[in-house]
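What follows is a single structure, written as C-alpha cells, with notes after it.
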Amino acid sequence: MLVIIASKRNLKRAVDRNLARRRIRAVLDELKPGWRSASRRIQGKIYASPEMMTIPLPELKQQIAFLLTKLK
C-alpha cells in the first residue's frame, strides 16, 4: 500500500495539503496506471514537502519516478 503523507507541520493550510496529495496522485496515475488496484499495489510512503508546491510538474514527475525505482 502506498501512503501519501501531507502533514500539518509541513503544509499549514488544508488547501495546500490537498493540492499536494492531488499532484502526487496525478503523477502516479500517469507513471503507473492502475496503481490503486489490489493487484498492482505499491509498498511505500511519500512525504509531501512545501517545496513540491512550487516545482514544475515534469520535475515532480521525474522525482517520483526516481522514488518508485527505489521502492521496488
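Results, tabulated for the structure shown:
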item: Under 21 Å between alpha carbons - lysine pairs in the chain that sit 8 or more apart or on different chains; result: 11
item: Accessible surface ranking that places the most exposed of K61, K70 first, with a 1.4 angstrom probe; result: K70, K61
item: In nm, spacing of pseudo-spin labels at I55 and L67 (7 Å Cα→C-beta vector); result: 0.9 nm
item: Which labelled figure in (1) 25, 13, 11; (2) 17, 14, 11; (3) 20, 14, 11 is semi-axes √(5λ) of the Cα gyration tensor in Å, once derived from the coordinates; result: (3)
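The values are calculated or read from the model by the stated rules, or taken from the named source; none is laboratory data. Being a predicted model, the structure only gives us computed values, none of them experimental. Quick reminder, even Gly has a Cβ in these numbers, built from the backbone with ideal geometry, and neighbours come from all protein chains shown. When the accessible area is computed, the model is the full protein with side chains, heavy atoms only, and any ligands, DNA or RNA have been set aside. Shrake-Rupley method; radii C 1.70, N 1.55, O 1.52, S 1.80 Å.
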